[in-house]
Amino acid sequence: GQRQQELMAPIMDQINKVIQDVRAEGGYAMIFDTGAQVPTIVSADKALDLTDAVLAKLKALGPPKLPAPAV
C-alpha cells in the first residue's frame, strides 16, 4: 500500500543514487538491469556486472532514513 511505497522510496532513491555514482565513477555510458522481468540486454561480459560494486557502496552508506509513520 501507500505506507510500503513511503518506506521503499528512500531505499530506491539511495540505490538509484549509488547506481548513478558507480556509473559515473566507472565511466560507463549505460547500466542495464538484467534482473528485471524483461531483461534489456541479451549478452554481456560478466566482468561488467556492477551488482557487487553497488551492494558494497550501499552497505557502506548504511540504511537510509525512513519517513516516520503518519499518525
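The values are calculated or read from the model by the stated rules, or taken from the named source; none is laboratory data. Computed from a predicted structure; not experimentally measured. Glycine gets a Cβ as well: all are built from the backbone with ideal geometry, and neighbour counts include every protein chain shown. When the accessible area is computed, the model is the full protein with side chains, heavy atoms only, and any ligands, DNA or RNA have been set aside. Shrake-Rupley method; radii C 1.70, N 1.55, O 1.52, S 1.80 Å.
In this calculation the C-beta distance from residue 66 to residue 21 is compared with R0 = 25 Å, giving a FRET efficiency of 0.75. The trypsin sites (Lys or Arg not before Pro) of the chain that meet both conditions, a loop assignment by DSSP and at most 14 other Cβ atoms within 10 Å of the site Cβ, are 65. Mind checking the angle between helix 2-26 and the chain's longest principal axis? C-alpha axes, 0 to 90 degrees, to the nearest 10. On a 0 to 90 degree scale, this one is about 30. Over the chain, the Kirkwood radius and the radius of gyration, each from Cα atoms, give a ratio Rg/Rh of 1.05. When the solvent-accessible area of the chain is split by element, carbon and sulfur atoms take up 60 percent of it, the probe being 1.4 Å. Modelled this way, with points 7 Å down the Cα-to-C-beta line, the labels at residue 47 and residue 29 are 1.9 nm from one another.
Taken per residue, the accessible surface of the chain reaches 83 Å², heavy atoms only and a 1.4 Å probe. Taking the Cα atoms only, what angle lies between the long axis of helix 51-61 and the longest principal axis of the chain, rounded to 10 degrees? Here the helix axis deviates by roughly 40 degrees. For a straight C-alpha distance cut-off of 17 angstrom, the aspartates and glutamates reachable from residue 57 (same-chain residues fewer than eight places away being disregarded) are 13, 21, 25, 49.
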